[in-house]
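Let me begin by presenting the structure, written as structure tokens, before commenting on it.
The values are calculated or read from the model by the stated rules, or taken from the named source; none is laboratory data. Every value quoted in this text rests on a predicted model; they were computed, and no experiment measured them. When we count neighbours, we look across all protein chains shown, and the Cβ atoms used for this are built from the backbone with ideal geometry, even at glycine.
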Amino acid sequence: MKLANKKMEWDEFLQIRRQVLETWSTGQQVDLEEGVQYQQQIPHNRRFAELMKTAEAEGQTLAQPRAGVALVQEHIELLQYLEKEGEADCLPTTIDSYTRQNRYNEAQAGIDESRIQGRSMLNGFPAVNHGVAQCRRVVESLKVPVQVRHGTPDARLLAEITLAGGFTSFEGGGISYNIPYAKDVTLERSITHWQYVDRLIGYYQEQGVTINREPFGPLTGTLVPPSISHSIGIIEALLAAEQGVKSITLGYGQCGNLVQDVAAISTLKELAQEYLEKFGYHDVHISTVFHQWMGGFPQDESSAFGVIGWGAATAALAKATKVIVKTPHEAMGVPTKEANAAGIKATKQILNMLRDQSLPQCEELKAEKDIIVKEVRCIMDKVIEFGEDDVALGAVRCFQAGILDVPFAPSRQNLGRLLPARDSNGAVRLLDFGNLPFTREIADFHRQKIEERGRIEGRQPSFQMVIDDIYAIGKGMLVGKPK
């Protein structure tokens, strides 16, 4: 089948579906029509799309953690704790690493070992192995909506089981859950697999059930310039909309400079709506999610709370619809439920205090918005041109050409030419543009910002700056200045 951003024919979908459901035994539990009926009966307070729409209308920023363990009852208890003690507005089910790679035999071994050891031996919830009925146990035990969060290039069976299981939001995309997560998966393959996921969600939509979709904005989470993550998010929104998805939450990972981050969230929604309208998708609701710092964290718990607080303040001032919360144990591995709840409560305190405040529309903010918009349009224009108005084809060709390029990604599909570094104020700029199709004006802007930092620090801009910036926050600062 030739890759194209074209709505999948239903007969073709059903033919592929038979093979997908045979991948693992629990696939046979999925009855699509019964799953639709189950979703139709879920009350409004547990529907993710409605929560996002209400929060945006009321100017509220929701707080959501990450969380997932191997066994069903323990997973329920964890989420109930985060709902009650952490006061989370919405909840996740983070999927384990074996399931993300479709290694269900090893996930089952992890379940069995967890029962023997009396603690989770997996770093998430193996939803495929547990099946539809157990997923329903999870969502029915909670009062707030629950989202599937994972990192899966081929999420077709996971989507079938969890949507029939009552989850009302599904994270990921054919680019954002391939390039940062996999080494040898082709984009043609992952985009096609995610077209299946979105066609499934489009079918639920046709039956009156709105499932929220959330492309993964932070990508590698390491000094990713806003224009890169924006462009990929917009492409994934267009791919989802073509398959019938009507509720999309676009994400962005905190870079650390307040003005740049606020400008990024603002332009993300504006640009997404612009391109959706351009391609004729007029009835898609767009919301935003801000991810607290995705890079290295300080090991000291109090210092970690400082990083969490800065992320919370930025999300509030940026007016993001939702913020994904980190924990004070971020540098030490999987957090305790108490640490996870503490991160949510600290975040919510700041969100509530800043709810009625906003960042003034100063010249610096306007300048950051302008540069992001110009950069995204340079990239998106090339995606459209290379794809001959087809963004699926354009995305593949632009990755081949390095016009789309994600810093520090493991994928062989990614050219890996970009070198980001901070300027003297901590905003993420580009030391090496690779093959990005930027104008001379944009290129000069980045060079001037990096050169200015070099003069201040008394050193030539180099790869050492990049290294220093990657480790800076973990060492207690934003810009990696030499000692």
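Data overview
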read-out: Where Ser266 falls short, out of the listed (1) within 18 Å of Gln60 (Cα to Cα); (2) polar (S, T, N, Q); (3) outside any helix (DSSP H, G or I); value: (3)
read-out: Any hit, segment 40-51, residues being touching a His at 6+ places or on another chain (Cβ under 8 Å), assigned to a loop (DSSP other than H, G, I, E, B), surrounded by 19 or more Cβ atoms within 10 Å (Cβ to Cβ) and touching a residue at least 40 places away in the same chain (Cβ under 8 Å); value: no
read-out: Residue tally, condition in contact with a His (Cβ under 6 Å, 6 or more places away or on another chain) and outside any loop (DSSP other than H, G, I, E, B), over segment 116-132; value: 0
read-out: Filter result for the condition that a residue is free of Cβ contacts under 8 Å to residues at least 40 places away in the same chain, crowded, with 24+ Cβ neighbours inside 10 Å and of a type in the set (A, V, I, L, M), over Ala155, Ala164, Ala127; value: Ala127
read-out: Test set (1) buried (at least 24 other Cβ atoms within 10 Å of the Cβ); (2) among the small types (Gly, Ala, Ser); (3) free of Cβ contacts under 8 Å to residues at least 12 places away in the same chain - Gly306 fails condition number; value: (1)
read-out: Selection count, segment 339-353, where residues are over 24 Å from the mean Cα position of the chain (by Cα) and surrounded by 13 or more Cβ atoms within 10 Å (Cβ to Cβ); value: 0
read-out: Filtered residue count, segment 78-108, keeping only those that are more than 18 Å from Ala155 (Cβ to Cβ), free of Cβ contacts under 8 Å to residues at least 24 places away in the same chain and of a type outside the set (S, T, N, Q); value: 1
read-out: Total residues in segment 1-39, condition farther than 18 Å from Ile201 by Cβ and either part of a loop (DSSP other than H, G, I, E, B) or touching a Lys or Arg at 6+ places or on another chain (Cβ under 6 Å) (or both); value: 7
read-out: Segment 410-421, subset part of a loop (DSSP other than H, G, I, E, B) and small (Gly, Ala, Ser), residue farthest from Ala472 (Cα to Cα); value: Ser411
read-out: Lone unmet requirement of (1) surrounded by fewer than 21 Cβ atoms within 10 Å (Cβ to Cβ); (2) touching a residue at least 12 places away in the same chain (Cβ under 8 Å) for Val391; value: (1)
read-out: Of the criteria (1) outside any loop (DSSP other than H, G, I, E, B); (2) of a type outside the set (Asp, Glu); (3) touching a residue at least 40 places away in the same chain (Cβ under 8 Å), which one Ser424 fails; value: (1)
read-out: Only one of Val396, Val479 that is crowded, with 19+ Cβ neighbours inside 10 Å, at pLDDT 95 or above and out of contact with any Lys or Arg (no Cβ under 6 Å at 6 or more places or on another chain); value: Val396
read-out: Matching entry among Leu359, Leu365 (being assigned to a helix (DSSP H, G or I) and more than 23 Å from the chain's Cα centre (by Cα)); value: Leu365
read-out: Which listed residue is buried (at least 23 other Cβ atoms within 10 Å of the Cβ), of a type in the set (Val, Ile, Thr), closer than 28 Å to Arg46 by Cβ and free of Cβ contacts under 8 Å to residues at least 40 places away in the same chain, from Ile248, Ile211; value: Ile248
read-out: Conditions (1) surrounded by 12 or more Cβ atoms within 10 Å (Cβ to Cβ); (2) assigned to a loop (DSSP other than H, G, I, E, B); (3) out of contact with any strand residue (DSSP E or B) (no Cβ under 9 Å at 6 or more places or on another chain); (4) of a type in the set (D, E, K, R): number failed by Glu87; value: (3)
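Listed here are the residues, each with its yes/no results for (1) closer than 30 Å to Glu206 by Cβ; (2) surrounded by fewer than 24 Cβ atoms within 10 Å (Cβ to Cβ); (3) modelled with pLDDT under 95.
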{"site": "Ile232", "(1), (2), (3)": "yes, no, no"}
{"site": "Ile235", "(1), (2), (3)": "yes, no, no"}
{"site": "Gly244", "(1), (2), (3)": "yes, yes, no"}
{"site": "Asn257", "(1), (2), (3)": "no, yes, no"}
{"site": "Val289", "(1), (2), (3)": "yes, no, no"}
{"site": "Glu301", "(1), (2), (3)": "no, yes, yes"}
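To keep it simple, each residue is scored yes or no on (1) outside any loop (DSSP other than H, G, I, E, B); (2) out of contact with any Ser or Thr (no Cβ under 8 Å at 6 or more places or on another chain); (3) aliphatic (A, V, I, L, M); (4) under 25 Å from Thr26 (Cβ atoms).
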site	(1), (2), (3), (4)
Leu142	no, yes, yes, yes
Asp154	no, no, no, yes
Val197	yes, yes, yes, yes
Pro218	no, no, no, no
Leu223	no, yes, yes, no
Ser231	yes, yes, no, no
Leu238	yes, yes, yes, no
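Matching residues to (1) small (Gly, Ala, Ser); (2) part of a helix (DSSP H, G or I); (3) under 19 Å from Glu270 (Cα atoms):
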residue: Val376; (1), (2), (3): no, yes, yes
residue: Ile379; (1), (2), (3): no, yes, yes
residue: Asp389; (1), (2), (3): no, no, no
residue: Arg397; (1), (2), (3): no, yes, no
residue: Phe408; (1), (2), (3): no, no, no
